[in-house]
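Heads up: the structure comes next, in C-alpha cells.
The values are calculated or read from the model by the stated rules, or taken from the named source; none is laboratory data. In this text the structure is predicted, and so the values were computed from the model without any measurement. Here the Cβ positions follow ideal geometry from the backbone for every residue, glycine too, while neighbour counts run over all protein chains shown. Surface accessibility is based on the protein's heavy atoms, side chains included, excluding ligands, DNA and RNA. Shrake-Rupley method; radii C 1.70, N 1.55, O 1.52, S 1.80 Å.
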Amino acid sequence: MYEKGGILSNYIKKVSFNNDDFIKLCQCLEQEHIDVIKEQRSPKGNCLNNLDKFTTVFIQYIDNKPAGCLAMKDCINKTIEVGRLYVLPEYRQNKIATRLFQKVEECAKELGANRIILDTYKRFTSAVALYKKIGFHEIDNYLEYSPYSICMEKKI
C-alpha cells in the first residue's frame, strides 16, 4: 500500500534468521513471553534461542519500519513448521499476521509442502483464535512441550 505522494509503504520482505530487524522483533516477543507466561516456560525457553533453525523469515514493514515477523523451517516430509510470529502492539488488528501467514503458505506450496504446523501457549488466546480463524486446528503435541502449550496444523 502506498499513499499518494506520501512515504507510507507496506511490504513484506524475505530475510535470513540473522537479520537485525528479525532479532529485534524476537527480543520484543521474548519480553512478551516473560510478561505473559513466565511461570509456564521451560527453563530452556527463550525466543532468541536457535534462530538459525529458521531457514526463511518474512518481515512486514510499514513505513519502512519492521512491524511483524514470521519464520519457517525447512520442508520435511511435506511439512513446514513456523515460529516466532510477532506483531508489535501498535500494528495489531491490521491483518499483518494474516498476510505473513499467506506469504508462508505461498512459499510452503512452492516447496511442495501440504501442511503447516506450529506451537504456542494456550494463554496466548488471541494468537490461538487467529490460528483457528485462518484454518489451523489443534493436534497432539509433536514434541515434548509444556503442558501449557498447544500444537496446531493447517492442511494446504
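Does the range 60-76 include one or more residues that are open to solvent by less than 30 Å² (accessible area, probe 1.4 Å), in a strand (DSSP E or B), among the polar types (S, T, N, Q) and touching a residue at least 24 places away in the same chain (Cβ under 8 Å)?
Yes, there is a match, as at least one residue in the range 60-76 is open to solvent by less than 30 Å² (accessible area, probe 1.4 Å), in a strand (DSSP E or B), among the polar types (S, T, N, Q) and touching a residue at least 24 places away in the same chain (Cβ under 8 Å).
With (1) assigned to a strand (DSSP E or B); (2) touching a residue at least 40 places away in the same chain (Cβ under 8 Å) as the list, and C107 as the residue in question, which single condition is left unmet?
Result: C107 fails condition (1) only.
Here is a check on your reading of the model: is K122 over 15 Å from the mean Cα position of the chain (by Cα), more than 24 Å from S9 (Cβ to Cβ) and modelled with pLDDT of 95 or more?
Considered against the rule, which asks whether it is over 15 Å from the mean Cα position of the chain (by Cα), more than 24 Å from S9 (Cβ to Cβ) and modelled with pLDDT of 95 or more, K122 comes out as no.
Quick one: what pairs do we get from the range 40-53, first residue under 17 Å from K24 (Cα atoms) and surrounded by 13 or more Cβ atoms within 10 Å (Cβ to Cβ), second among the aromatic types (F, W, Y) and modelled with pLDDT of 75 or more, C-beta under 6 Å, 6+ apart or different chains?
L51/F17
Could you give me the residue pairs with C-beta distances under 7 Å whose first residue belongs to the range 10-36 and is open to solvent by 90 Å² or more (accessible area, probe 1.4 Å), whose second residue is not β-branched (V, I, T) wherever it lies, and which are 6+ apart or on separate chains?
Every condition considered, the pairs that remain are K13/Y61; K14/F58; K24/P66; Q27/L48.
Here's a check for you: in the range 117-127, which residue that is free of Cβ contacts under 8 Å to residues at least 40 places away in the same chain and touching a strand residue (DSSP E or B) at 6+ places or on another chain (Cβ under 8 Å) is surrounded by the fewest Cβ atoms within 10 Å (Cβ to Cβ)?
K122
Before we move on, is L85 open to solvent by 20 Å² or more (accessible area, probe 1.4 Å), of a type in the set (A, V, I, L, M) and either touching an Asp or Glu at 6+ places or on another chain (Cβ under 9 Å) or closer than 28 Å to E144 by Cα (or both)?
When the stated conditions are applied, L85 passes them.
M152 passes all but one of (1) over 18 Å from F22 (Cβ atoms); (2) open to solvent by 20 Å² or more (accessible area, probe 1.4 Å); which number fails?
(2)
Could you tell me how many of the residues in the range 3-49 are assigned to a loop (DSSP other than H, G, I, E, B) and modelled with pLDDT under 95?
15
Only one of Y86, Y91 is within 14 Å of the chain's Cα centre (by Cα) and of a type outside the set (K, R); which?
Y86
State whether one or more residues within the range 93-116 are among the hydroxyl-bearing types (S, T, Y), crowded, with 18+ Cβ neighbours inside 10 Å and under 20 Å from K155 (Cα atoms).
no
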